[in-house]
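Bear in mind that the values in this text are calculations on the coordinates, not laboratory data. What you see is a predicted model; the values in this text were computed from it and never measured.
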């Protein structure tokens with residue numbers, strides 16, 4: 001398993017790309033579904049990633065709602081991933097960095 005460490009002391013796994021989730025979300029959006037609803041329901045990449053990273057983020061004082069806010073703010077990059085203009089690894093690494101910058105100071109070991 002590959003680990004991301006966007007700041008010293010915060011270790012997040014780099015999960016395998018969720019291909020079926022990507023296809024389902026892309027198809028929903030292309031069929032006229034509300035783009036914003038894809039961040040708060042069962043086909044949400046943010047909800048899926050929260051389950052992957054929850055164990056590392058909760059002790060760092062980031063809750064699910066705050067995490068989903070970060071993901072929603074990253075929606076342009078996620079859209080590029082959905083349509084095939086972004087690769088999974090760089091997308092997740094960028095999101096991990098964005099998450100790390102929003103963790104309250106002193107909640108993770110190492111310099112901020």
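In units of 2.2 N^0.38 Å, what is the alpha-carbon radius of gyration of the chain?
That ratio works out to 1.05.
With everything on Cα atoms, drop me the angle between helix 88-101 and the longest principal axis of the chain, reported from 0 to 90° to the nearest 10.
Here the helix axis deviates by roughly 50 degrees.
In nm, what is the difference between 0.36 nm times the number of residues separating residue 21 and residue 51 and their Cα-Cα distance? Present the calculation step by step, with values, prior to reporting the outcome.
Numbers: separation 30, 0.36 × 30 = 10.80 nm, distance 1.39 nm.
This chain segment gains 9.4 nm when fully extended.
For the chain, take the longest principal axis of its alpha carbons; what is the angle in degrees between that and the long axis of helix 19-30, to the nearest 10 within 0 to 90?
50 degrees
How large is the helix-only mean residue ellipticity at 222 nm for the chain, computed as the sum of -39500 (n - 2.57) over DSSP H runs with n ≥ 4, divided by its residue count, in deg cm²/dmol to the nearest 500? Let's see the in-between values first.
Values: 5 runs with 57 residues, N = 112.
After summing the helix terms and dividing by residue count, I get -15500 deg cm²/dmol.
So which residue, out of 11, 76, 64, gets the largest mean-square fluctuation from a GNM of the chain using Cα contacts under 10 Å as springs?
Maximum fluctuation in the GNM of the chain, among the listed residues, is at 76.
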